[in-house]
Number of protein chains: 2
Amino acid sequence: MTENCVTPHRGKVLTMDTMNPNIKRVEYAVRGPIVQRAVELERELREGAKKPFSEVIKANIGDAHAMGQKPITFLRQVLALCSYPDLLNEDHFPDDAKLRARRILQACGGGSIGAYSMSQGLECVRQDVARYIERRDGGIRSDPSNIYLSTGASDAIVTMLKLLVSGEGSTRTGVMISIPQYPLYSAALAELGAVQINYYLNEEQCWSLDVSELRQALTAARKHCRPRALCIINPGNPTGQVQSKKCIEDVIRFAAEERLFLMADEVYQDNIYAEGCKFHSFKKVLFEMGPEFSNTVELASFHSTSKCYMGECGFRGGYMEVINLDPAVKAQLLKLVSVRLCPPVPGQALMDLVVNPPQEGEPSHPQFIKERTAVLSSLAERARLVEQLLNSIPGISCNPVQGAMYSFPRINIPERAIKEAQAMGQAPDMFYCLRLLEETGICLVPGSGFGQKDGTYHFRMTILPPTEKLEVLLSKLKEFHQRFTREYS
Amino acid sequence: MTENCVTPHRGKVLTMDTMNPNIKRVEYAVRGPIVQRAVELERELREGAKKPFSEVIKANIGDAHAMGQKPITFLRQVLALCSYPDLLNEDHFPDDAKLRARRILQACGGGSIGAYSMSQGLECVRQDVARYIERRDGGIRSDPSNIYLSTGASDAIVTMLKLLVSGEGSTRTGVMISIPQYPLYSAALAELGAVQINYYLNEEQCWSLDVSELRQALTAARKHCRPRALCIINPGNPTGQVQSKKCIEDVIRFAAEERLFLMADEVYQDNIYAEGCKFHSFKKVLFEMGPEFSNTVELASFHSTSKCYMGECGFRGGYMEVINLDPAVKAQLLKLVSVRLCPPVPGQALMDLVVNPPQEGEPSHPQFIKERTAVLSSLAERARLVEQLLNSIPGISCNPVQGAMYSFPRINIPERAIKEAQAMGQAPDMFYCLRLLEETGICLVPGSGFGQKDGTYHFRMTILPPTEKLEVLLSKLKEFHQRFTREYS
């Protein structure tokens, strides 16, 4: 009422001034301004505008199908059967696909994937996830009651962070995240009003993680917040490194000593390309360190249907496994996920197939293995190609893409270009990427969207475009970089 | 470090003491303790335990397929085609289903529903939603750029609330919600730390909404918070009323005068059963009130694939339309939804089919109409049956179920039962519903989970069980209520 009296010309209720200030602070570069510009450019091209390129190549996001990867036949057959169970009477679907579909449908209310599931996810899917984790981790027990299915991994990560965040001012929860990081983390922490504690990966050592760096960051943070969690992405996004077992042990020991809740983002667990690299799950390493650790350290680990060989991003399937979570907090977690009723059931079904694929002797096994191997070996080939070609460009240097789906090369930006960018209020690598987009149609994400050491510049580029497109992309990039460097030298 | 020194026996990092206090305050009765007990009872029955009933009847949640409703053939055919496009070459799918599937697939990156969509949702689906709204609202223009697809309606509602909430102490945002309410609202407000402003629906007048009640609630709230939004659920959940056009006009005028952002939860828009009742969308009424209102009042309205005739809850499809949203805030909204990448694409596809069903002359039209009519007329029949049978029980009185999917009858609980419940620290209607569950296997949600006037008691019961089951349920309920009343009189 008072407000009405003083504002005869009434503006909007919801404005930049009145809105949630935490949301204003959120940033998400992977779909930020550069991607919006790419979409505009695509429209301009469709409408016949003249550009120095004939198509926009989006290498900004790990979206395999959009880049031409074909879905795995078995997964889609089962999903079709679940969607329209009349097809179960058709001859041309293999028996193992039908068997899987029947099992999933039986677990659904009324035999329909249109029914809500339990909020934690269908029980049979959680059982299959637990068995998958046991196989993956050499038999270490996994309890389906510790598995929470989710709407992609992002949903589970944010849910866990929500539980962890509390306090005001100097008692606010601090969460340690790697720099460079996947910006879901910084976005969620901004939204929740938590303190982001940066620890830097060592670019010179192939983006390795040093406990001394963790300790230094933690000590500094303790002066102004209450650090409570440590997030690790392994294999790394955007940096593509694969952590060694030794490194994971060090991180776990550090978390135990410093009483930090561990969050292990392991959505790229099947995307390992480099010789000598192997995926070690945090859970397995934790249990191998003995009961002193495995009985105490609190861990949540995350997986997804969006990456690996399947790349089914659109279905928004995922799960998290929690270890050593306080039972009272588990009840709170269940209550929290109940409010959103349940994760999408088609995504749950897909998650089930990913953790329980065709077995040897089943009719779909040969084709499944053939398709999966083709995707993974082609990704490995592209990982090498990208590294090699990027390193052939003077002024660009790139660590090996050991795993995940991205390269994160360092780029030299001439001093004059940096000044021009700063004059425009742009991060120098944003300036670079925008120029690249306008001149070549290549859409990358500037390193500043992920965080990087001051004075260094990078971009993230997926390895997902098909080989022939990748070669074109990298040769255009090379030309651009040379032109850009000349222009500003 | 200090913490380590003072606690030699280190407990958990994440405990009830350290966790987010807002999450502790969240309550969600629709999947609360009573439903957890129902799930336990089902397991006990399966394991051969002797109970005074042979099956648990869940009438706690609007989950149509779980209650035996069959999916609509056309919707599922298109979803199967989208999941496994090889089926497009099969003869036995109708041409209109194939056409729809091709159109959706063409809109997806790489022609796959496994690709991420734009964060706001696939453009072609948003176009179809806009055209649907225009048809529904008699031609009032709808702009696809105002449509945001979502993970069920819940997701969009929470997103909108997130934007609206700010401030601390007496400047905290207040949001008006009806009592009784659907507990997503109270849960989201608790999580966001906003102030819940209750306004009471008038049970004596068939749960109607009085502007004088709104005004009184608002005036009281202005003393301790900043009221900024008004949420309406129409048709009502849990109360089943359908608001008149006059009432909606009054609400809009009130929102305009008092500068409140309107949130219209219209997910039951096709679930209208009572003679003389009609669904009026807030948007249509707003625009019919003239530019003074239609150019100024900020409105978000919500719809879903989960209710109406389709009942496809598991797919988590939904949309919101925003009207008069500040363009700068729209950019913030887009940024916010980008962090979660996109709503599930199968749910988006389903939303498309709901707003763009088979048209007259298309091959699937006759069967589609037949199936849809069968569902809706059976729901109408059950709405009448439930009202009638509930009102035949002495001590229970029920308003007409004009729309939506629930009855919310008032129950007399004897004074002695109230005392016994209070001694156990239970809400009296929770005590009643738990006894009902243990003795009959019927699972309802106590009125206290939705809010009700002090000293009144209710439960929410869906009208979704098949007629024959509903009759059994209601006769068991009658016996129970009489036994319970005798026992405590």
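Stick to Cα atoms and the Kirkwood definition of Rh, then tell me Rg/Rh for the range B:100-355. Let's see the in-between values first.
Details: Rg = 17.8 Å, Rh = 18.6 Å.
Over the Cα atoms of the range B:100-355, Rg/Rh equals 0.96.
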Near the amide H of B:Ile179, under 5 Å away, which other amide H atoms are found, from residues 5 or more places off or on another chain, if H is placed in the peptide plane?
B:Tyr199, B:Tyr200, B:Leu201
What number comes out for accessible area per residue over the protein assembly as shown if the probe is 1.4 Å? Units Å², please.
36
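Can you list which of the GluC sites (Glu not before Pro) found in the range A:75-166 are DSSP loop residues with at most 16 other C-beta atoms within 10 Å?
Values: sites: A:Glu90, A:Glu123, A:Glu134; in loops: A:Glu90.
Here the sparse-neighbourhood loop sites are A:Glu90.
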Could you give the dipole magnitude of chain A about its Cα centre, charging the beta-carbon of Lys and Arg +1 and that of Asp and Glu -1, in debye to the nearest 20?
760
Considering protein heavy atoms only and a 1.4 Å probe radius, which residues within the range B:188-233 exhibit an accessible-area decrease of no less than 10 Å² in the full assembly relative to the chain by itself?
B:Glu191, B:Thr219, B:Arg222, B:Arg226, B:Arg228
Going out from 0 in 5 Å bins, what whole percent of all Cα-Cα distances in the range B:15-79 drops into each bin?
3, 12, 14, 14, 13, 12, 13, 11, 5, 1, 0
For q = 0.13 Å⁻¹, what log10 I(q)/I(0) does the range B:134-250 give under the Debye formula with an equal point scatterer on each alpha carbon and no solvent?
-0.59
The long-range amide H neighbours of B:Thr151, using H built 1.01 Å from N in the peptide plane and a cut-off of under 5 Å, are B:Ala156
How far apart, in nm, are two points set 7 Å out from the Cα along the Cα-to-Cβ line at B:Leu385 and at A:Ser170?
6.7
Kirkwood hydrodynamic radius of the range A:296-384 from all distinct Cα pairs, in Å?
15.6
When the scattering of chain A is computed by the Debye formula from its Cα atoms alone, each counted once and equally, what is log10 I(q)/I(0) at q = 0.06, 0.08 Å⁻¹?
-0.30, -0.53
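Using just the helices of chain A, give the 222 nm mean residue ellipticity in deg cm²/dmol: DSSP H runs with n ≥ 4 each add -39,500 (n - 2.57), and the total is spread over all residues, rounded to 500. All intermediate terms of the calculation are to be shown ahead of the outcome.
Details: 18 runs with 214 residues, N = 489.
So the helix-based figure for chain A works out to -13500 deg cm²/dmol.
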Counting all Cα-Cα pairs in the range B:345-456, those more than 25 Å apart amount in percent to 45
Put one equal scatterer on each alpha carbon of the range A:48-173, apply the Debye formula with no solvent term, and list log10 I(q)/I(0) at q = 0.17, 0.20 1/Å to two decimals.
-1.10, -1.26
So if I take the centroid of the Cα atoms in the range B:157-235 and the same for the range A:432-489, what is the distance between those two points in Å?
49
If you roll a 1.4 angstrom probe over the protein chains with everything in place, what fraction of the accessible area of the protein assembly as shown belongs to carbon and sulfur, to the nearest %?
49
Quick check: convex hull over the Cα atoms of the range B:247-397, volume per residue in Å³, rounded to an integer?
188
Loop-only trypsin sites (Lys or Arg not before Pro) in the range B:190-250, please: DSSP not H, G, I, E or B, and at most 11 other Cβ atoms within 10 Å.
B:Lys223
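Given a cut-off of under 8 Å on Cα pairs at least six residues apart, what relative contact order in percent is computed for chain B? Let's see the in-between values first.
On the way: 856 pairs, mean separation 102.1, N = 489.
Averaging sequence separation for qualifying contacts and normalising by length gives 21 percent for chain B.
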Long-range amide H contacts for B:Ser364: which residues qualify at under 5 Å (H placed 1.01 Å from N, peptide plane, sequence gap of 5 or more or a different chain)?
B:Asp96
How large is ³J(HN,Hα) for each residue in the range A:447-460, as worked out from phi by the Karplus curve 6.51 cos²θ - 1.76 cosθ + 1.60 (θ = phi - 60°), to whole Hz, x for Gly and Pro?
x, 4, x, 10, x, 6, 4, 3, x, 10, 9, 9, 9, 9
So if I average 1/r over every pair of distinct C-alpha atoms in the protein assembly as shown and take the inverse, what Kirkwood radius in Å does that give?
29.4
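Could you please tell me the mean projected area of the C-alpha convex hull for the range A:392-489, averaged over all directions and given in square nanometres to one decimal?
Details: hull surface 24.8 nm².
In nm², the orientation-averaged hull projection of the range A:392-489 is 6.2.
The values are calculated or read from the model by the stated rules, or taken from the named source; none is laboratory data. Fair warning: this is a prediction, and the values are worked out from it, not measured in the lab. Cβ sites come from the backbone with ideal geometry, for glycine too, and all protein chains shown count toward neighbours. For the accessible areas, the whole protein counts, side chains as well, though only heavy atoms, and no ligand, DNA or RNA atoms are used. Shrake-Rupley method; radii C 1.70, N 1.55, O 1.52, S 1.80 Å.
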